[in-house]
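Q: Mind having a look at this structure? Questions to follow.
The values are calculated or read from the model by the stated rules, or taken from the named source; none is laboratory data. For clarity, every value in this text was computed on a predicted model and none was experimentally measured. Please note: Cβ atoms are built from the backbone with ideal geometry, for glycine as well, and neighbour counts cover all protein chains shown. We work out accessible area using only protein heavy atoms, side chains counted, and drop any ligands, DNA or RNA first. Shrake-Rupley method; radii C 1.70, N 1.55, O 1.52, S 1.80 Å.
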Amino acid sequence: MDVLNAATLELRKKCGSKTVLHIALLFSIILGAYLIYQNGYSAGLRFDDRPNLSGLSTATDVSTSLLFITDGKAGPLGRPLSLLTFLLQKHSWPDFPADLIRTNSLIHIINALLITLLTLQIFQKNLGFARDAATLIAILITAAWVFHPFNSSAVLITIQRMTLLATTFVLLGLYLYVRGRSLLDTSPRKAYLQMGLGAIGCTILASLCKESGALLPFYALALEVTTTQSQPTDKQRETLFKIWKIVIFIAPTILLIAYFYFNWGDIITSYENRNFTLTQRLATESIILWEYVRQIIAPNISLLAPYHDDYPVTGWSYVSIAAAFAWSVLFVSAALLRRKAPLFSLGIFWYLAGHILESTIFPLELYFEHRNYLPSIGIIFVILFVCMQIKKIIDIKFSWIIAIYPLTLAFLLIQTTTLWGNQLLAANVWHQYHPKSARAAQNYSQKLAYSNNREKADAVINDASTRMPNDSGLALQALQLGCFNDTSKMLLEKFNVVLDKVRDMDYSASALDALHNLINIEQKDGCSYIDLDDMARLGNALLENWQLKKQPLAVYNLHLELSRISMASKDLNLTMYHLESAYKIKPSITTLTSMFKTLISAGLYDEARAKIRQAYAQPPKNIFKRRLWKKSLINLEQFIDKRTSTTFGHANSTSIATKQHIYQPVK
């Protein structure tokens, strides 16, 4: 104890008592946030986790691990850095999601510390606040952000680590940029090195975590036009800085516009898979951006959920026009006031910059809370600006009043994380507050089924299916649960209705999941009143669905499910037809291996060799996938050689000849 007291006194002498107090306060906030998030470690996996991370199960050596990292499908760039962090925790997949969420919470803590460093730099160096005042403000902003329940979905949904990591590099890049910018007059070489590492290097790293990381230059531009006052005075340095601004700010803007222009056709075509148009999306997003602001300023935690597929689509109504006009007024006001009210302008520009990609023209889903993980700091800046203006009018203890806000958020975060940690209760609450969300109903039904309450699970999904009769996922999941709970007459009536309407229903990815589960039930326990032939009819009807036909990956997966049915029915022709159809859409070693095994099981060795020769002639473009591809083909060839030489020899030539007229490859 004496040693600790001596160390504390020494620290106070060197740093000052206020500095020690600030460090202790920041440490308490960070520790508190970490402890609060532990309540949510038992949140489990969510709907996007398995599709993006299922490859972890096959990452068993260097080749397959490199393939997992470089073959991501979550975005155009593949997000390899994020996938690398998941690979380092492959031992936790899929049975220990709490370990994955714990890592997410630690990244959240790192981001909070980076926010402290960045905001301290902004307020002290750029806005000219005294060190103690700037430090206290930075800590309060950090507390409000790290405790904010609106950020909880980014932390507690495993796959949103991509958002967290992209934010880490964006914040690091902005800190380096602001710090380097302050050295521009005194040490230009050091300044440009730091700004370059921040604005260019960290943008690349952030983009390899998630594409939203490419917005780093736009955040830096928001800082540049609002909080940086000094400009180089030397003419040569001024010219150099103008060139720098063109490279860092204007070039990314031109690249973004060029991307929109050259991909416009694909963007518009992708809207065919959505239940809204581009104009409807823009109108709806203008309202959603205000809804986000409301939740950031005064969060209603009962409405927080991972499921927002129930958000109503709107056109250009009075409300949406007013919302868009209000944003235009705010943007113009921020531009006009950027020198008189830099903090206000920075907040508006920061928030809007963070939504350039995910809340504009791209045909993404309309509403997700995690999209505000970094942009929410902008609204916190605006809240702080308003509080400062109030203090000028009313003489109050500013620091004590503003401290109430993060404390309130911490209390709300405790409730939010505790709810997430109780999966069944959370599913019930989310379903109650989002009754028009198909995903919320499916999630609640699944949790009830896992807790052996199949009767209530069936009731939940049937009720949702009745209220949303055009949702194919709900319809097929009702059939799945009906295998356990319905009488023969009820189930057959459901089946015939779904079979008759599924072609014209709205396609949902959960429809394929339900079909997959139906096949598993039939193969394991048997569905009393629906057999494999019925499932084949249902799958073929779904194959004709108007929306599904426009989604190649969905067609690919459906062909694989139909091949399982055909294989179970011992129909060689149909099995190969569906496998080959899937392979034409997406050549994969898994599908090729399935075709190979099917042909070998029928004794068709020559046809199996032909498939391998075709695969050699069509290697993948991904260099790591190509190596694994070649290795797998060699293993398949060796398997055939061993099988024909040791087991069957030439005795099987007759059976091959007799089966050749049965198997007709897809042309």
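Q: Just the number: Rg to Rh for the chain, Cα atoms, Kirkwood Rh, two decimals.
A: 1.03
Q: Applying the Karplus parametrisation 6.51 cos²θ - 1.76 cosθ + 1.60 with θ = phi - 60° to the phi angles of the range 163-172, what ³J(HN,Hα) value in whole Hz is obtained for each residue in order, glycine and proline being reported as x?
A: Along the range 163-172, the couplings run 5, 4, 5, 4, 5, 4, 6, 5, 5, 4 Hz.
Q: Right, here's the next one. Please report the Cα spread of the range 150-241 along all three principal axes, rounded to whole Å, starting with the longest.
A: Extents along the principal axes: 51, 22, 17 Å.
Q: Considering only protein heavy atoms and a probe of 1.4 Å, how much of the accessible area of the range 478-545 is carbon and sulfur, as a whole percent?
A: That share works out to 46 percent.
Q: Step through the residues of the range 507-520 one at a time and calculate ³J(HN,Hα) from phi using the Karplus curve (6.51 cos²θ - 1.76 cosθ + 1.60, θ = phi - 60°), rounding each to whole Hz and writing x for Gly and Pro.
A: 6, 10, 4, 5, 5, 5, 4, 5, 5, 4, 5, 4, 5, 4
Q: A follow-up question, please. Calculate the FRET efficiency for residue 71 and residue 243 from the Cβ-Cβ distance with a Förster distance of 41 Å, rounded to the nearest 0.05.
A: It comes out at approximately 0.60.
Q: In nm, what is the difference between 0.36 nm times the number of residues separating residue 422 and residue 90 and their Cα-Cα distance?
A: Roughly 117.1 nm would be gained on extension.
Q: Tally up the carbon and sulfur contribution to the accessible surface of the range 338-454 as a whole percent, 1.4 Å probe, everything protein left in place.
A: That share works out to 64 percent.
Q: Taking only protein heavy atoms into account and a 1.4 Å probe, give the accessible area per residue of the range 22-67 in Å².
A: Dividing the accessible area of the range 22-67 by its residue count gives 47 Å².
Q: Provide, for q = 0.08, 0.09, 0.15 Å⁻¹, the log10 of I(q)/I(0) from a solvent-free Debye sum over equal Cα point scatterers in the range 307-456.
A: For the range 307-456, the Cα-only Debye profile gives -0.37, -0.47, -1.04.
Q: So, by mean Cβ neighbours within 10 angstrom, what's the order for 440-448, 421-429, 382-390 with the highest one leading?
A: Result, highest mean Cβ count within 10 Å first: 440-448, 421-429, 382-390.
Q: Same structure again: What Kirkwood hydrodynamic radius, in Å, does the range 232-340 give when the mean of 1/r is taken over all pairs of distinct Cα atoms and then inverted?
A: 17.8 Å
Q: Could you look at the range 40-186 and say what percent of its accessible area is carbon and sulfur, using a 1.4 Å probe and all protein chains?
A: The C+S portion of the solvent-accessible surface of the range 40-186 is 63 percent.
Q: Where a ≥ b ≥ c are the square roots of the eigenvalues of the C-alpha gyration tensor, would you call the range 184-225 rounded, which needs a/c under 1.5, or, failing that, prolate if a/b is larger than b/c, or oblate?
A: Since a/c reaches 1.5 but b/c is at least a/b, the shape of the range 184-225 is classed as oblate.
Q: For a quick check of understanding: with a 1.4 angstrom probe and all protein chains in place, what accessible area in square angstrom does residue 431 have, to the nearest ten?
A: Counting only protein heavy atoms, the figure is 30 Å².
Q: Could the peptides 467-480, 347-360 be put in order, highest first, of the mean number of other beta-carbon atoms found within 10 Å of their residues?
A: Going from most to least packed, we get 467-480, 347-360.
Q: Per the Debye formula with a single identical scatterer at each Cα and no solvent contribution, what log10 I(q)/I(0) holds for the range 298-355 at q = 0.12, 0.16 Å⁻¹?
A: -0.46, -0.75
Q: Using the heavy atoms of the protein chains and a 1.4 angstrom probe, tell me the accessible area per residue for the range 254-311 in square angstrom.
A: Dividing the accessible area of the range 254-311 by its residue count gives 50 Å².
Q: Hey, which lysines would be in cross-link range of residue 18, C-alpha to C-alpha under 21 Å, not counting anything within fewer than 8 residues on its own chain?
A: 125, 397
Q: Another question, if that's okay. For residue 35 and residue 260, compute 0.36 nm times the residue count separating them, minus their Cα-Cα distance, and round to one decimal in nm.
A: 76.7 nm
Q: Now a separate question. Under a 1.4 Å probe, what is the accessible area of the range 557-599 per residue, stated in Å²?
A: 40 Å²
Q: Could you tell me the calculated FRET efficiency between residue 325 and residue 504, based on Cβ-Cβ distance and R0 = 41 angstrom, to the nearest 0.05?
A: 0.60
Q: Hey, another quick one. Set the bar at 28 Å for Cα to Cα. Now go through 549/630; 73/584; 210/447; 597/630; 73/611 and name every pair that lies beyond it.
A: 549/630; 210/447
Q: If you don't mind, another one. Ranked by accessible surface with a 1.4 Å probe, highest first, in what order do 84, 120, 184 come?
A: From most exposed to least exposed: 84, 120, 184.
Q: Ok, one more. Just add up the charged neighbours of residue 368: K/R +1, D/E -1, any other residue whose Cβ is under 11 Å from the Cβ of residue 368.
A: Charge balance in the 11 Å sphere: -4.
Q: Then there's this: Which shape class, rounded, prolate or oblate, goes with the range 548-591 when its Cα gyration tensor gives a ≥ b ≥ c as root eigenvalues, a/c under 1.5 marks rounded, and past that a/b bigger than b/c marks prolate?
A: prolate
Q: Which of the peptides 289-300, 249-260 is most tightly packed, and how do the rest follow, judged by the mean count of other Cβ atoms within 10 Å per residue?
A: In decreasing order of mean packing, 289-300, 249-260 become 289-300, 249-260.
Q: Related question: How much mean residue ellipticity at 222 nm does the chain get from its helices, if each DSSP H run of length 4 or more adds -39500 (n - 2.57) and you divide by all residues, to the nearest 500 deg cm²/dmol?
A: -21500 deg cm²/dmol
Q: Want the number for residue 487 to residue 204: 0.36 nm per residue separation, take away the alpha-carbon distance, what's left?
A: Residue separation times 0.36 nm, minus the Cα-Cα distance, leaves 96.1 nm.
Q: Spelling out what I want: for every residue of the range 106-122, take phi, set θ = phi - 60°, compute 6.51 cos²θ - 1.76 cosθ + 1.60 (Karplus), and round to whole Hz; glycine and proline get x.
A: Going residue by residue, I get 5, 5, 4, 5, 4, 4, 4, 5, 5, 5, 4, 5, 5, 5, 4, 5, 5 Hz, with x marking Gly and Pro.
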